[in-house]
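K.L.:
Have a look at the structure that comes next, please.
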2 protein chains.
Amino acid sequence: MNSVTDHETCLVESDHHSLKLWLRLLTCSSLIEKKLRDELRLSFDMTLPRFDFLSQLERAPDGLTMGELSKRMMVSGGNISGIAAQLVDEGLIDRCQVPNNRRTFIVTLTQKGRDEFETIAKTHECWVIEMLGQLDQDDVKQLMNLLLKVKNTVLTDPTF
Amino acid sequence: MNSVTDHETCLVESDHHSLKLWLRLLTCSSLIEKKLRDELRLSFDMTLPRFDFLSQLERAPDGLTMGELSKRMMVSGGNISGIAAQLVDEGLIDRCQVPNNRRTFIVTLTQKGRDEFETIAKTHECWVIEMLGQLDQDDVKQLMNLLLKVKNTVLTDPTF
DNA sequence: AATAAATAGTTTAAGCTTAAAATATAAGAG
DNA sequence: CTCTTATATTTTAAGCTTAAACTATTTATT
């Protein structure tokens, strides 16, 4: 059992349970992320950040500002600028100025972007279901609850 | 409540629960990882990958091969080569050939590396406890269990 | 109106990460 | 012993990511 080598390998009794929890969390998300990256690359010549970017826009029919994208994707503003430039080049998004604020840009999916996203998203969801769909409904419900607690606990850390 | 903007923002009812679970997992580990990165940089001018590297070695008194480090850190071999080169330059690790196999290298902590790691590790554990220590013991136990299920479910995905 | 402070986004330099190709060595097959 | 295959690691080129510095614009203060 558990013959896999990962972040948790060689933890000892004395390590704090918070640390163990963090490393297990990290192992799980690394595993899933790696699988999704590989599949996206092999099947669609797409990267995870680019897919995430399109994905955020698809959920926001009116488009998003660069800043809002940065928050939702939890990455730096500079990162967003770079990815946006690529996606504009590829014709997948539009990046237009808004009337009353010359600093702000609104990014939206082009039709091509919407089409491409839809194709990939279907398969992407299948991959996720392949990986996680075997879990009990009860377990999933509990996990969602507990992870929400984790998220809120982390966010209320005063040193955050 | 939940006024934070992250990977989960704007998910809709129809999204599959597996997808929602994945995004919540991603949000949690992104949050924790970001905090640890920032603190390591500000307090110790250290990066997370370098710290992970030292951390793996500290748990392996006899040292590890490059390949074993690659597996435990869940990153590519090339990545390990690069980080190892830096740490050798900084005098934190040794990288020596083994007698009977001229392909293999064994990496170990130097005394300087052990000292530096120990200093940082103490504080690192505090940060993790700050973020996760408020959780109920029961919740932590359940989470560990459920995340183990996730890990095993993901690993037994036949397409993996 | 002039100045200061805040906001939105981009650029830059450095480090991380990967896949694929390359190098070197070891082990196995005939 | 030679040839093939497998193993261990490094190199390379491309893309991701960030913090910090920078530009431009807007808002607030005086």
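K.L.:
Within region A:119-138, can you find the residues that are surrounded by fewer than 17 Cβ atoms within 10 Å (Cβ to Cβ) and facing another protein chain (nearest Cβ under 7 Å)?
P.N.:
Residues satisfying the conditions are A:Glu125, A:Ile129, A:Gly133, A:Gln134.
K.L.:
Go through (1) touching a strand residue (DSSP E or B) at 6+ places or on another chain (Cβ under 8 Å); (2) open to solvent by less than 70 Å² (accessible area, probe 1.4 Å) one by one and return the number of the condition B:Glu58 breaks.
P.N.:
B:Glu58 satisfies every listed condition except (2).
K.L.:
Can you work out which of the residues in region B:106-118 that are more than 12 Å from DNA strand D (Cβ to nearest atom) and outside any helix (DSSP H, G or I) is surrounded by the most Cβ atoms within 10 Å (Cβ to Cβ)?
P.N.:
Here the residue is B:Leu109.
K.L.:
Related question: What's the number of the only condition in (1) more than 9 Å from DNA strand C (Cβ to nearest atom); (2) assigned to a helix (DSSP H, G or I) that A:Pro61 fails to meet?
P.N.:
All conditions are met except number (2).
K.L.:
Let me ask another. Keeping to region A:76-105, report how many residues are touching a Lys or Arg at 6+ places or on another chain (Cβ under 9 Å), open to solvent by 40 Å² or more (accessible area, probe 1.4 Å) and either part of a loop (DSSP other than H, G, I, E, B) or within 8 Å of DNA strand C (Cβ to nearest atom) (or both).
P.N.:
Total satisfying the criteria: 3.
K.L.:
Among the numbered conditions (1) surrounded by 20 or more Cβ atoms within 10 Å (Cβ to Cβ); (2) facing another protein chain (nearest Cβ under 10 Å), tell me where A:Phe53 comes up short.
P.N.:
(2)
K.L.:
Another question, if that's okay. Examine region A:37-47 for a residue that is more than 13 Å from A:Ala121 (Cα to Cα), open to solvent by less than 10 Å² (accessible area, probe 1.4 Å), aliphatic (A, V, I, L, M) and assigned to a helix (DSSP H, G or I), and state whether such a residue exists.
P.N.:
No, region A:37-47 contains no residue that is more than 13 Å from A:Ala121 (Cα to Cα), open to solvent by less than 10 Å² (accessible area, probe 1.4 Å), aliphatic (A, V, I, L, M) and assigned to a helix (DSSP H, G or I).
The values are calculated or read from the model by the stated rules, or taken from the named source; none is laboratory data. Values in this document were obtained by computation on a predicted structure and should not be read as measured data. Reconstructed Cβ throughout: ideal geometry from the backbone, glycine too, with neighbour counts over all protein chains shown. These area figures cover heavy atoms from the full protein model, side chains too; ligands, DNA and RNA do not enter into them. Shrake-Rupley method; radii C 1.70, N 1.55, O 1.52, S 1.80 Å.
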